[in-house]
1. Tell me whether region 18-36 contains one or more residues that are under 30 Å from ALA170 (Cα atoms), at pLDDT below 50, among the basic types (Lys, Arg) and within 26 Å of the chain's Cα centre (by Cα).
2. Residues in region 58-82 that are of a type in the set (Asp, Glu) and either surrounded by fewer than 17 Cβ atoms within 10 Å (Cβ to Cβ) or outside the structural domain of LYS131 (by TED's automatic domain parsing) (or both): how many?
3. Exactly one of these conditions fails for VAL252: (1) touching a Phe, Trp or Tyr at 6+ places or on another chain (Cβ under 9 Å); (2) under 25 Å from THR194 (Cα atoms); (3) of a type in the set (Val, Ile, Thr). Give me its number.
4. Could you list, in sequence order, all residues of region 303-329 that are modelled with pLDDT of 90 or more and touching a helix residue (DSSP H, G or I) at 6+ places or on another chain (Cβ under 7 Å)?
5. Given the condition part of a helix (DSSP H, G or I) and either under 22 Å from the mean Cα position of the chain (by Cα) or at pLDDT 90 or above (or both), answer yes or no: does some residue in region 94-104 qualify?
6. So, in region 290-300, how many residues would count as being in a helix (DSSP H, G or I) and under 13 Å from SER241 (Cβ atoms)?
7. Does PHE160 meet the test of being in contact with a helix residue (DSSP H, G or I) (Cβ under 8 Å, 6 or more places away or on another chain) and not in a helix (DSSP H, G or I)?
8. Working only within region 146-172, note down all residues that are basic (Lys, Arg) and within 19 Å of GLU88 (Cβ to Cβ).
Amino acid sequence: ATLCGMALKTFLRIVVRECCPAARRTLLSAAYTDPARWEETRKPEPQSLVKLAKLMDGLHDSKLPVSSLSIARFVDNISSREEVDQAEYYLYKKKMVCREFASSGVMFRRFRHSENSLCLREWTIHNWLRKCLQYGAKDKALYTIQNKVQYGIFPDPYGFNLLLDTYIKADDFKGAAQVAVEVMLQEAFDWTSTQLLALHALHGFLSGQPDVSGQWQEDRNIGAALLLAGLAQNTTAGYSSQLMGSAKIGKVELMKGLRAVFTRMPLIWTPGYLDRGIDIMDKVLQSPGAVQLTTDSVEAMAAVLEELPLLTEEGAGAAQEEDADDKEG
């Protein structure tokens, strides 16, 4: 009742205006993404991929580790989409020879499970992403990031920016939002440019009104990415993203319980995400007029509050299931 009362009071008092599009760049410039400077600094020594592959296969067959230098040389010399697929194989291959991998195959898979996997260089990861984008394999880059534990691909902010920019410019906001979620899971919102690109991707995805009914994990992930990217922005975009993210996470909290919110997520364990969302609305209301909230963010919170009785009832059932699981454990 207190929550609903606070929300009603806030909605009656708050003035919401749409953000006017500003005359500023929202995507990365050609100079930022130009591979020429990167290639000048790398200047890789030409290598035969066939010979490198035979060398690495021989080491695996002899149960010897492959060096990170061999992996770097292989990635440096990728010149086609097919070779991107071949590189993926060696990255994942296990230390002990697995014939199923050798026959079905695809360098990161093999390398990830070897003794030298911790020696994978940052520039090799960055170069891998660039090669994927250069040869039309952005989906492969995203896949290896989504399966980072298996491949060992943990991009730096620059790499994330390139991938976000590529998806956004291709109007693939679903893919861009998936990249933003991976930035959130890796807790890599260190750069302002990454925060802004991620928010652009997430709001672009949500503007298409995707159907996420029954997919509470996806809703939670999008909400967490909005919240964490927005926390660093003391602007209309930042506060609006925090509000929308809090609404989405709060809905999951009521439906599935707090454990479903923070499990394998970089989120705090303290309950009350909807309360914190309403606190954001109060904070914006009391701040100078330069900072406002977008209509869609307030509507997102309003929609969750309208469902509050139903969500609370569903959450009670989830809590009982959690208690039963705890007793069994």
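1. Taking region 18-36 and keeping what is under 30 Å from ALA170 (Cα atoms), we get 18-36.
If we keep only those that are at pLDDT below 50 too, we end up with 18-24.
Within this subset, residues satisfying the condition of being among the basic types (Lys, Arg) are 24.
Right, trim to within 26 Å of the chain's Cα centre (by Cα) and you get 24.
Within region 18-36 (the criterion being under 30 Å from ALA170 (Cα atoms), at pLDDT below 50, among the basic types (Lys, Arg) and within 26 Å of the chain's Cα centre (by Cα)), the answer is yes, since at least one residue qualifies.
2. Initially, region 58-82 is screened for residues of a type in the set (Asp, Glu), giving 61, 76, 82.
Those left that are additionally either surrounded by fewer than 17 Cβ atoms within 10 Å (Cβ to Cβ) or outside the structural domain of LYS131 (by TED's automatic domain parsing) (or both): 61, 82.
Qualifying residue count, region 58-82: 2.
3. Failing condition for VAL252: (2).
4. The answer is VAL304, LEU305.
5. From region 94-104, those part of a helix (DSSP H, G or I) are 99-104; that's our starting set.
Pick out the ones that are also either under 22 Å from the mean Cα position of the chain (by Cα) or at pLDDT 90 or above (or both) and you get none.
So far as region 94-104 goes, no, none of its residues is part of a helix (DSSP H, G or I) and either under 22 Å from the mean Cα position of the chain (by Cα) or at pLDDT 90 or above (or both).
6. Final tally of qualifying residues: 4.
7. Taking the combined requirement at face value, the residue does not satisfy it.
8. Passing the criteria: only LYS148.
The values are calculated or read from the model by the stated rules, or taken from the named source; none is laboratory data. Everything quoted here is computed from the prediction, not taken from an experiment. Heads up, the Cβs are rebuilt from the backbone with ideal geometry, glycines too, and the neighbour counts pull from every protein chain shown.
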